[in-house]
1. Name the pairs: first residue in the range 85-99 and closer than 17 Å to ILE55 by Cβ and hydrophobic (A, V, I, L, M, F, W, C), second residue modelled with pLDDT under 90 and in a loop (DSSP other than H, G, I, E, B), Cβ to Cβ under 6 Å, at least 6 apart or on different chains?
2. Evaluate the following for VAL51: is it of a type in the set (A, V, I, L, M, F, W, C), part of a loop (DSSP other than H, G, I, E, B) and modelled with pLDDT under 95?
3. Please list, ordered by first then second residue, the pairs with beta carbon atoms under 7 Å, 6 or more apart or interchain, first in the range 129-157 and in a loop (DSSP other than H, G, I, E, B), second buried (at least 17 other Cβ atoms within 10 Å of the Cβ) and among the polar types (S, T, N, Q).
4. Restricting to the range 53-91, count the residues that are more than 27 Å from ASP142 (Cβ to Cβ) and touching a Phe, Trp or Tyr at 6+ places or on another chain (Cβ under 7 Å).
5. Condition check: touching a residue at least 12 places away in the same chain (Cβ under 8 Å) and outside any helix (DSSP H, G or I). Does CYS103 satisfy that?
6. So ASP68 clears everything in (1) in contact (Cβ under 8 Å) with a residue 60 or more places away in the chain; (2) crowded, with 19+ Cβ neighbours inside 10 Å; (3) not hydroxyl-bearing (Ser, Thr, Tyr) except one condition, right? Which one?
7. Just to be sure I understand, how many residues within the range 25-48 are outside any loop (DSSP other than H, G, I, E, B) and either closer than 19 Å to ASP84 by Cα or within 16 Å of the chain's Cα centre (by Cα) (or both)?
Amino acid sequence: MKILAEKKALELLNGIRNSFADDVRMNYEHRAKSCLTCDTPGACCLDEHFVNVRISRLEAVAIGGVLDSLPIERREAVIERIADAVERFGLDDRDHPLKTYACPLYERGTGCLVHEKAKPLPCIQHACYESAADLPPDEMLDRAEQAVHAVNIRTYGGPQPLLPIPAAVERFARIRQSS
């Protein structure tokens with residue numbers, strides 16, 4: 001198998017994300033309450049008993065790229081929140097895949113820091129739907145995640161572990177830290 005350059009893999013990941021987001025937006029999102037009118041913005045992202053999103057190495061690298069573009073003070077604050085989440089919620093232990101956490105990528109007043117360029121697929125799919133019948137089908141997310149998995153294999157030469165967002169970003173993202 002020919003290894004795929006990480007830069008090309010990130011482009012493929014972006015295509016998968018955009019296609020998935022377009023499908024959710026066009027076919028399902030209109031049935032959900034808008035985040036813009038939510039009485040408790042970010043509550044779902046900051047609920048340490050709810051968030052259980054796992055991402056791959058390539059997704060963590062994409063998130064790291066977004067964080068790299070932040071002004072240094074803000075980037076350092078996010079890196080600190082990521083490290084705190086890993087420690088506080090025990091996310092470096094792969095033996096507990098059901099652990100939940102508050103997402104350190106969400107900022108009150110701003111929203112998701114990676115929304116436009118690196119938001120994970122489960123986060124794209126999430127919304128406040130009135131009825132379970134209105135939700136995007138699980139198979140849709142499964143197909144997109146399988147496509148991401150295939151790109152990870154082609155990029156890194158084998159399957160990559162799915163880790164909680166904070167642990168994956170801390171482990172795989174190439175975030176420049178100031179000295």
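The values are calculated or read from the model by the stated rules, or taken from the named source; none is laboratory data. Since we're looking at a predicted model, the values are computed, not measured. Every residue, glycine among them, receives a Cβ derived from its backbone with ideal geometry; neighbour counts consider all protein chains shown.
1. Correct list of pairs: VAL86/ASP92.
2. So VAL51 passes the test.
3. Final answer for the pair search is PRO136/GLN125.
4. 0
5. yes
6. It is condition (2) that ASP68 fails.
7. Final tally of qualifying residues: 4.
So that you can scan it fast, the table gives a plain yes or no per residue for (1) without any contact (Cβ under 8 Å) to a residue 24 or more places away in the chain; (2) buried (at least 16 other Cβ atoms within 10 Å of the Cβ); (3) among the basic types (Lys, Arg); (4) touching a helix residue (DSSP H, G or I) at 6+ places or on another chain (Cβ under 7 Å):
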| site | (1), (2), (3), (4) |
| --- | --- |
| ASN14 | no, no, no, no |
| VAL24 | no, yes, no, yes |
| HIS30 | yes, no, no, no |
| GLU73 | yes, no, no, no |
